[in-house]
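Input: a single structure, listed below in structure tokens.
The values are calculated or read from the model by the stated rules, or taken from the named source; none is laboratory data. Just so you know, these numbers come straight off a predicted model, no measurement behind them. All Cβ positions, even for glycine, are placed from backbone atoms using ideal geometry, and neighbour counts span all protein chains on display.
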Amino acid sequence: MGFRSIISGIKGSEMLSRVGAAVGRHVPMALADRVPLSGRRWWVGAAGLLALTALGILVVGRDGNAPTAAAQVPAGVAVKTAQASEGQISANLSYTGDVKAVSQVNVLPKATGRIESLAVDVGSRVKKGDILAELDSATLKAQVSQAKANVAAARAKLANMESGSRAEQITQAKANVDSASARVASLQSGRQEQVATAEAALEEARARAETVKKGAKETDIQAAQAAVDQTKAALEQTRQWPTQTEWGQALGAIDQARASMQATEAKLADVKAGAKPADLAAQQAAVEKARADVWAADDVKGIAGGSLPDATKFSAGATSTGRAERSAAAAEAAYQAAVEKLNQMQSWPLPADLAAAQSAYDSAKAAYEAAWHRVDQMKRGATKEDLQRAEANVAAAEARLKQLRDGATEEDIKVVEAGVARAEQALKMAKRPARAEDIAQAQSAVVVAQQQYELAKNPFTEHDMELARASVDQAAAALEMTEIALGEAQVLSTTDGAVAERFQSVGALVSPQTPIVSIISSEVELVLGVEESQIGQVSEGQRAEITVAAYPGTVFPAKVAVISPAADLRSRTFTVKVRPEEHGGKLRQGMFAQVNVVTQEKERAILVPKEAVVTRNSESVLFVVKEDTVEMRSVKVGMKHNGSVEIVSGLAAGEEVVISGHNDLKNGDRVRRT
């Protein structure tokens, strides 16, 4: 059949254009590019005619009737669709970070020692109070024994004070009474030496006034001239300071001060060290010997008194009773003295000895530093102030010389006459030194001194006894501390958690500055840096989700725990800590995690797949399927999450939308679902 019959079977030219365009899309590009631009329209038309010819062959057939195959040709654009649903959607802020333990503690021993055993290793779960390690306690046990000995010494000293008296305090109190009585006597009658001193001062003031009124003597002028020469020489010496001799003296002073400082430092160290073990052993031996002497003297005393058998008396020799008693008393005194000295040695260093040694060292060190300061001054030479001071001395001496040569002024005469008046008043005060109130006060001091004398007659004051008791308490406290230190040879866990790292091994020497293990808490958190523009969407208690690669598909619920009140000035981010609510121990320190902080949620939202929303003319649109055609509909888009998009307006739940094949769709196009 011809072209006319084919064209007559097509409804209008629209079908021809569509068929031509469809054929043109399938023409090889190489062939299309060969056709000039002006001839491409002819090419499309020709392609359309060829297609219609083929179509006519298929549709019309030889007998002019439509064959059965024509009814199977699909109509419309092939698309994929989905239904809009109603569900929950949320808006999130996504961040990544490392999982960290909420707390990490390095456990250190409270004592120094060698590790004898370790009860834990990396990964061990521990509770607060569990034993982690045990240290060698031999040294601590020795310290406990020493502390017990100190307690015994302090108690012995207290017992000694409770049983004896202090004669030196009685003597001092009696001297205080005598001194207070003498002061009362001097106030009542005046002291002759003070009167004589006041009279001499008056005579001197009168003589000076007479000299000033008569004018300066030649000897005074010569002395003033000598003073001028001396100050000028001192000024010249200051300008040339220091001399070689002064250098030598200054350096020698440094050596001497250094030697003194070293000697006092050695003395201080010796005092701090206390009594040496050898000295304590020697004194203990002396106590034992003195005790043996007491026993021997008691035996001799018993022989002399006839309390022992005759055989023993005969072997001991003839001994008078008086001499035996004196020997026994002397032996007892020697024994008490040896015990007292041993107690003192066990109590060393005494606070007074330590303070004296420290004071001597501080003084020697200050002298050494002063000697160096003197050398530093000599290195710099005379200062401007030194020169000004020397020049001022010269000026003052010259002014004094001029004053003597010119004679006394009226002001000078007034000054010396005032001095005479003051001396006369001082003489009157010396002759009558005290008022009645002063005498009464001095008499009260006599009464107080007498009371103190009576109090000193007692063996010891209550204050002394309290100090001795305090020494006992102090020694007991030191014993308790050493016993506590012995107990601290066991290193205990300070928190619940797991051992993250073990720093030491059995046999290592550790101290309170040496960590043994590191324990991390079971609770973990993620530290995020939230931008300044996003921090307004985050609040404490906000829901979050954590995912890690170790558990794909598992979402760990979490909450925002802490928000920093200040931003990092360099990154302009705020530190936010997110902590999981329950993770069953799956989240571990060092894991890399994805965190989604939920900033907004909606329970009943209209949701479509994100592929359904396209942009046409800067608007978000959907192609809604109505039977076999589509309606292009403008919509308002809300939140987006996990491949779904919220449609705020323009769509109802249950409507069918195109999700694939809508690139060339227009409003009203026919579609077929695939």
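With the requirement that a residue be over 30 Å from Val527 (Cα atoms) and touching a Lys or Arg at 6+ places or on another chain (Cβ under 9 Å), what does segment 580-612 give you?
Residues of segment 580-612 that are over 30 Å from Val527 (Cα atoms), as a first pass: 604-612.
Result: Lys610, Glu611.
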Exercise. Go through segment 620-662 and give me each residue that's without any contact (Cβ under 8 Å) to a residue 24 or more places away in the chain and part of a loop (DSSP other than H, G, I, E, B).
Key: Glu627, Val635, Asn642
Practice problem: Restrict the check to segment 572-579 and report whether at least one residue is surrounded by fewer than 19 Cβ atoms within 10 Å (Cβ to Cβ), without any contact (Cβ under 8 Å) to a residue 24 or more places away in the chain and not in a loop (DSSP other than H, G, I, E, B). | Solution: no
Exercise. Determine if segment 277-285 includes at least one residue that is more than 30 Å from Arg326 (Cα to Cα) and free of Cβ contacts under 8 Å to residues at least 12 places away in the same chain.
Key: yes
Self-check item: Selection count where residues are closer than 23 Å to Arg670 by Cβ and surrounded by fewer than 17 Cβ atoms within 10 Å (Cβ to Cβ), scope segment 583-608
Solution: 0
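How many residues are assigned to a loop (DSSP other than H, G, I, E, B) and closer than 30 Å to Gln262 by Cα if we restrict to segment 354-392?
The first filter runs over segment 354-392 and keeps only residues assigned to a loop (DSSP other than H, G, I, E, B), leaving 381-383.
Still in the list and also closer than 30 Å to Gln262 by Cα: 381.
The number of residues fulfilling the criteria is 1.
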Quiz item: Do the conditions hold for Gln504, that is, is it touching a residue at least 60 places away in the same chain (Cβ under 8 Å), touching a Leu at 6+ places or on another chain (Cβ under 9 Å), of a type outside the set (A, V, I, L, M, F, W, C) and surrounded by fewer than 13 Cβ atoms within 10 Å (Cβ to Cβ)?
Solution: no
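Of all residues in segment 360-372, how many are among the small types (Gly, Ala, Ser) and closer than 17 Å to Ala273 by Cα? Working first, answer last.
Within segment 360-372, the first condition is being among the small types (Gly, Ala, Ser), and the residues that meet it are 360, 363-364, 366-367, 370-371.
Right, trim to closer than 17 Å to Ala273 by Cα and you get 360.
Summing the residues that are among the small types (Gly, Ala, Ser) and closer than 17 Å to Ala273 by Cα in segment 360-372 gives 1.
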Quiz prompt | Test: Thr231 is under 60 Å from the mean Cα position of the chain (by Cα), β-branched (Val, Ile, Thr) and not assigned by TED's automatic domain parsing to the domain that holds Arg326 | solution = yes
Quiz item: So which of Asn393, Asn343 ends up being out of contact with any Gly (no Cβ under 8 Å at 6 or more places or on another chain), under 30 Å from Ala275 (Cβ atoms) and not β-branched (Val, Ile, Thr)?
Solution: Asn343
Quiz item: With (1) at negative phi; (2) at pLDDT below 90 as the list, and Gly129 as the residue in question, which single condition is left unmet?
Solution: (1)
Quiz prompt | Where Leu140 falls short, out of the listed (1) surrounded by fewer than 17 Cβ atoms within 10 Å (Cβ to Cβ); (2) under 48 Å from the mean Cα position of the chain (by Cα); (3) more than 24 Å from Leu342 (Cβ to Cβ) | solution = (1)
Exercise. Only one of these is part of a helix (DSSP H, G or I), of a type in the set (Val, Ile, Thr), surrounded by 14 or more Cβ atoms within 10 Å (Cβ to Cβ) and in contact (Cβ under 8 Å) with a residue 40 or more places away in the chain: Val151, Val105, Val120. Name it.
Key: Val151
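Considering only residues of segment 313-366 that are of a type in the set (Lys, Arg) and within 60 Å of the chain's Cα centre (by Cα), which is modelled with the highest pLDDT? Quick ask: steps written out before the conclusion?
Initially, segment 313-366 is screened for residues of a type in the set (Lys, Arg), giving 313, 323, 326, 341, 365.
Among the residues that remain, those that are also within 60 Å of the chain's Cα centre (by Cα) are: 341, 365.
Numbers: Lys341: 80, Lys365: 88.
Filtering segment 313-366 for residues that are of a type in the set (Lys, Arg) and within 60 Å of the chain's Cα centre (by Cα), the one modelled with the highest pLDDT comes out as Lys365.
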Quiz item: Applying the selection to segment 78-127, what residues are under 39 Å from the mean Cα position of the chain (by Cα) and β-branched (Val, Ile, Thr)?
Solution: Thr96, Val99, Val102, Val105, Val107, Thr112, Ile115, Val120, Val122, Val126
Practice problem: Only residues in segment 216-227 that are closer than 21 Å to Ile413 by Cβ count as the first member; pair them with residues that are of a type in the set (A, V, I, L, M), Cβ under 6 angstrom, at least 6 apart or cross-chain, and list the lot. | Solution: Ala216/Leu404; Asp220/Leu404; Ile221/Leu404; Ala224/Leu401; Ala224/Leu404
